[in-house]
Amino acid sequence: MKLDSSISAVITGGASGLGAATARHLASLGVRVALFDRDADRGIPLAAEIGGVFCQVDVTSDEAVAAGFAQARAAHGQERILVNCAGTGDGVKTASRDRNTGEIKPHPISKFDRTLQINLVGTFRCIAQSAAGMMTLPPLEHGERGVIVNTASVAAEDGQVGQAAYSASKGGIVGMTLPIARDLMGEGIRVNTILPGIFDTALLQTVPQNVRAALAESVPFPKRLGQPEEFADLVATMARNGYFNGACVRLDGAIRMAPR
Ligand code: NAD
């Protein structure tokens, strides 16, 4: 797909981090960008900066996602690109023993479910609604109608202590990539997933300098954190390169996460 001003894109989690870098990159190529995010404080100024549209959307709500697509499509026309970056994660062990009191507790299922709802179900909800919209479009050259890029994590393959829910959610995104690509093959819609390693986003910027340095040192090569622009560059490649379909690609400097 040629990336220019004839193309519009929706980026979930677009107000921050990897989504924000992707929004800036696609906008710099002329693509008309709509940001879906819960966070209006960051999303509104970024949309203004890149000449895009901000849609306040919680990806766990069918209605909010539908309203977001309606708003984005009214402003820019039907999107041909969907990038799913909205995501969350917290560290909770499957069962844990309190160091001070000795109390033993199972992982709260409500927390497990919340992570799955945002990362996995939220991603699928946006894919399903976006694909239905893309199917109304006339095909471009070579029969292509659209492209979808999802964000998993290397935790889909090597999850660490406390990452059962996060890894399950990201493993679900990896697992559904090929069947979704197959569901949409007759419609000319491609679907790919990126598994980022450790990227320098908002979360990492709050970490002390010595911890950041240790994380950078743990990457085989190059010995540094990933830059959000490097993620954005792969999104653009997955959109441009028409043979990229049904793929799950690690972008991680060859890191393999240790147990903790
Ligand atoms: P980030 O916190 O900077 O951005 C995530 C964005 O998602 C935020 O703007 C947040 O408001 C939004 N969001 C969260 N829940 C939402 C919801 N329910 N509805 C709508 N928006 C919601 O994080 P990031 O580092 O840019 O991460 C982006 C994605 O990349 C996530 O899916 C994350 O799991 C994944 N990832 C990040 C890294 C990394 O090292 N940064 C590594 C692997 C995977």
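The values are calculated or read from the model by the stated rules, or taken from the named source; none is laboratory data. Just so we're clear, the structure is a prediction, and the values are computed from it rather than from any experiment. Neighbour counts run over all protein chains shown; Cβ positions are idealised from the backbone, glycine included. What goes into the accessible areas is simple: the full protein's heavy atoms, side chains included, and nothing from ligands, DNA or RNA. Shrake-Rupley method; radii C 1.70, N 1.55, O 1.52, S 1.80 Å.
All conditions in (1) surrounded by 20 or more Cβ atoms within 10 Å (Cβ to Cβ); (2) of a type outside the set (Lys, Arg); (3) under 30 Å from Gln160 (Cα atoms) hold for Thr60, with the sole exception of (1). Checking the structure you have, find out if any residue of the stretch 1-16 is more than 24 Å from Pro138 (Cβ to Cβ) and in a helix (DSSP H, G or I). Checked against the condition, which is being more than 24 Å from Pro138 (Cβ to Cβ) and in a helix (DSSP H, G or I), the stretch 1-16 yields no hits at all. Kindly establish whether Arg80 is more than 14 Å from the ligand (Cβ to nearest atom) and either among the charged types (D, E, K, R) or in contact with a helix residue (DSSP H, G or I) (Cβ under 8 Å, 6 or more places away or on another chain) (or both). Considered against the rule, which asks whether it is more than 14 Å from the ligand (Cβ to nearest atom) and either among the charged types (D, E, K, R) or in contact with a helix residue (DSSP H, G or I) (Cβ under 8 Å, 6 or more places away or on another chain) (or both), Arg80 comes out as yes.
Of the residues making up the stretch 34-62, those that are assigned to a helix (DSSP H, G or I) and either within 13 Å of the ligand (Cβ to nearest atom) or closer than 19 Å to Asn150 by Cβ (or both) are Ala40, Asp41, Arg42, Gly43, Ile44, Pro45, Leu46, Ala47, Asp62. Taking the stretch 1-20 as the range and being open to solvent by 10 Å² or more (accessible area, probe 1.4 Å) and more than 8 Å from the ligand (Cβ to nearest atom) as the test, the residues that pass are Met1, Lys2, Leu3, Asp4, Ser5, Ser6. Of all the numbered requirements in (1) within 12 Å of the ligand (Cβ to nearest atom); (2) surrounded by fewer than 17 Cβ atoms within 10 Å (Cβ to Cβ), Thr151 misses one, and that requirement is (2).
Just name the residue that is nearest to Met185 (Cα to Cα) out of those in the stretch 120-129 that are of a type outside the set (Lys, Arg) and touching a helix residue (DSSP H, G or I) at 6+ places or on another chain (Cβ under 7 Å). The extreme case among them is Ile127.
Residues in the stretch 67-83 that are basic (Lys, Arg) and open to solvent by 60 Å² or more (accessible area, probe 1.4 Å): Arg73 only. Return a yes/no flag: does the stretch 84-104 have any residue that is more than 12 Å from the ligand (Cβ to nearest atom), crowded, with 16+ Cβ neighbours inside 10 Å and free of Cβ contacts under 8 Å to residues at least 60 places away in the same chain. No - not one qualifying residue is present in the stretch 84-104. Among the residues of the stretch 219-238, are any among the hydrophobic types (A, V, I, L, M, F, W, C) and more than 27 Å from Leu82 (Cα to Cα)? So far as the stretch 219-238 goes, yes, one or more of its residues are among the hydrophobic types (A, V, I, L, M, F, W, C) and more than 27 Å from Leu82 (Cα to Cα). Among the residues of the stretch 109-168, those identified as at pLDDT 95 or above and of a type in the set (D, E, K, R) are Lys111, Asp113, Arg114, Arg125, Glu144, Arg145, Glu157, Asp158. For the stretch 190-209, residues that are hydroxyl-bearing (Ser, Thr, Tyr) and either crowded, with 21+ Cβ neighbours inside 10 Å or within 24 Å of Ile148 (Cβ to Cβ) (or both) total 2.
Taking the criterion of being crowded, with 24+ Cβ neighbours inside 10 Å and either touching a Lys or Arg at 6+ places or on another chain (Cβ under 8 Å) or not in a helix (DSSP H, G or I) (or both), the only residue of the stretch 166-189 that qualifies is Ile189.
Restricting the stretch 21-33 to residues that are of a type in the set (A, V, I, L, M) and away from the ligand (no atom under 13 Å from the Cβ), the residue that is farthest from Ala128 (Cα to Cα) is Leu29.
Among Pro139, Pro106, which is under 16 Å from Glu79 (Cα atoms) and of a type outside the set (Asp, Glu)? After applying the criteria, what remains is Pro139.
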